[in-house]
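Report on the structure given below.
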Amino acid sequence: MRPEAGLRWTPPAGLQRVLAFLLDSLQGRFVLAMLGGLALVQLLVNLLWYHQLEQRTRRQVELAAHHLASGALGAVRGLRELPAAYRPLLIEQLRTMGGTRFLVFINAAAVEVQPLPGPPVVRELEASLQRELQARLGQQAPLRVTLASPLGLRVGPQGGLLSDLPESWVDPSLLAADRPAPFVVIQLETEPGQWLYLSSTLPDPFLLEQLEFFTWQRLAPQGLTLALALLLSLVASRTLTRPLRGLSRAAARVGHRSVPQPLRVSGTAEVRQATQAFNEMQERIRRYLSDRERLFASISHDLRTPITRLRLRSELLDDEAVQDEFHEDLDELDLMVKTALQIVKDTDIHENRAPVRIDLVLQKMVRDARMAGQRIELEERPLTVFGKPLALKRALGNLLDNAVFYGCGGEGRPVQLRMEAGPEGQVLLTVRDHGPGVPEQALHQLGQPYTRLAHGRQAREEGLGLGLSIVRDIVADHGGQLQFRNHPEGGLEVRLSLPSPVGVPEESAAGAAGARPG
């Protein structure tokens with residue numbers, strides 16, 4: 001059955017994490033480059049070594065074939081010169097006195113011999129030996145040359161085995177089951193119905209074992225080398241990237257209104273230079289924020305006095321119309337001063353971070369809203385977040401006000417609040433209204449300062465469009481996320497995620513301990 005079109009294989013989660021570590025992280029790429037380079041060098045060295053070893057073995061095989069062919073030719077000529085009746089006596093004498101290196105038999109037919117499996121050089125040895133014998137004996141002589149294992153090797157057509165022969169005929173060490181030396185079997189039909197059987201080992205019995213190169217004895221040291229290189233690469237890469245991880249965590253905290261702590265300058269020269277530059281940048285940002293706060297505080301203080309004097313002088317005017325115009329301009333100027341100061345102070349509240357029962361905070365806010373005649377439904381759970389209590393209360397209050405004032409549906413349906421525990425120690429809060437929603441192209445504008453949409457201006461004239469901007473800054477300061485979307489059934493849905501005490505990193509807890517009191 002064919003798989004459905006479009007289906008793709010998804011690797012397991014463990015394999016995905018390994019691939020992400022190797023391909024996406026600096027530490028993984030360093031380890032991959034080190035191990036990949038070392039493995040490639042080992043492979044090339046092994047291939048070069050094996051090629052040289054193979055060439056040397058081939059030369060040795062040619063010499064062995066020539067040596068065996070010369071010895072076999074001498075034995076064949078000696079037997080051919082004797083009458084057929086005397087040949088068995090000569091063979092018996094050779095066996096008992098060791099006159100030749102070959103084990104010689106005369107059989108009535110050729111013996112079936114199982115060839116020895118092995119690399120191509122084995123067949124080349126057989127072919128080279130057969131060519132040389134055939135050239136010297138004549139092309140008409142039936143000849144068989146086979147390289148075979150001595151275990152189960154037959155020496156006669158009736159099934160006699162080499163292992164059944166007397167020990168004086170064959171060296172028992174050549175028949176060892178754990179390391180048997182291969183035998184060369186030469187069968188030649190000297191006369192019709194008479195086959196000469198010659199069997200012998202190579203001049204170097206274990207010559208062909210040199211080609212068994214990729215064995216565990218050779219590969220085990222290389223595997224240990226790779227394992228040691230992996231361990232050292234992990235240690236080295238971790239040491240090199242540790243300052244970078246600290247730098248990235250510190251960069252993520254920039255702009256969260258926490259008191260910046262300079263990073264310890266360590267690591268390589270490049271990392272030390274980057275850390276020093278980051279510390280200087282962080283100090284410049286801190287001074288800029290401090291100067292901005294003092295500037296706005298000074299402006300607010302300096303402008304309130306002349307505004308108050310102008311308001312008192314406007315009371316002395318006789319023309320009420322002119323007096324009203326003065327009051328309107330002064331109110332607008334006072335509102336501008338308060339707005340500018342609110343942008344700074346509402347998002348920069350100096351208070352210690354602590355665990356906050358967010359459900360209890362929302363209960364009180366919903367209770368107060370209901371007393372004011374507002375309809376809010378709360379689906380609560382006992383959940384705790386980690387942050388600044390007053391700042392969080394201000395952000396949640398702005399979200400509720402935005403939903404109540406601008407999201408009231410035509411049927412007067414209540415605002416819905418839902419709390420739930422999210423992944424990785426997050427607390428999720430969803431605020432949904434039943435109003436007209438927000439045009440899709442304007443969703444990305446929500447949370448920007450001084451942003452007021454058309455239906456918001458129609459629903460409520462007062463307001464400067466700073467509520468959601470303050471919420472966005474407070475949520476970012478707490479390491480959370482703020483998302484806006486139109487609900488499929490109508491209305492705007494705001495999803496807010498905040499860290500719980502369980503999911504707070506140690507750096508945040510330490511920063512909370514060192515935060516300035518309110």
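Each reported figure results from applying straightforward, stated rules to the coordinates on display, with no laboratory input. Please read these numbers as outputs of a predicted model, since none were measured by experiment. Reconstructed Cβ throughout: ideal geometry from the backbone, glycine too, with neighbour counts over all protein chains shown.
What the table shows:
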quantity: Mean Cβ neighbour count within 10 Å, used as a protection proxy, ranking 12-22, 434-444, 396-406 highest first; calculated: 396-406, 434-444, 12-22
quantity: Fully extended contour minus Cα-Cα distance, from Glu62 to Arg294, at 0.36 nm per residue; calculated: 74.0 nm
quantity: Sequence ranges 47-57, 185-195, ranked by mean other-Cβ count within 10 angstrom, highest first; calculated: 185-195, 47-57
quantity: Modelled FRET efficiency - R0 56 Å, Gln445 with Leu48, Cβ distances, 0.05 increments; calculated: 0.25
quantity: Length added when fully stretched, Phe206-Ser25, from 0.36 nm per residue minus Cα-Cα; calculated: 60.2 nm
quantity: Taking Asp329, Asp319 and counting other C-beta atoms within 10 Å, the order from fewest to most; calculated: Asp319, Asp329
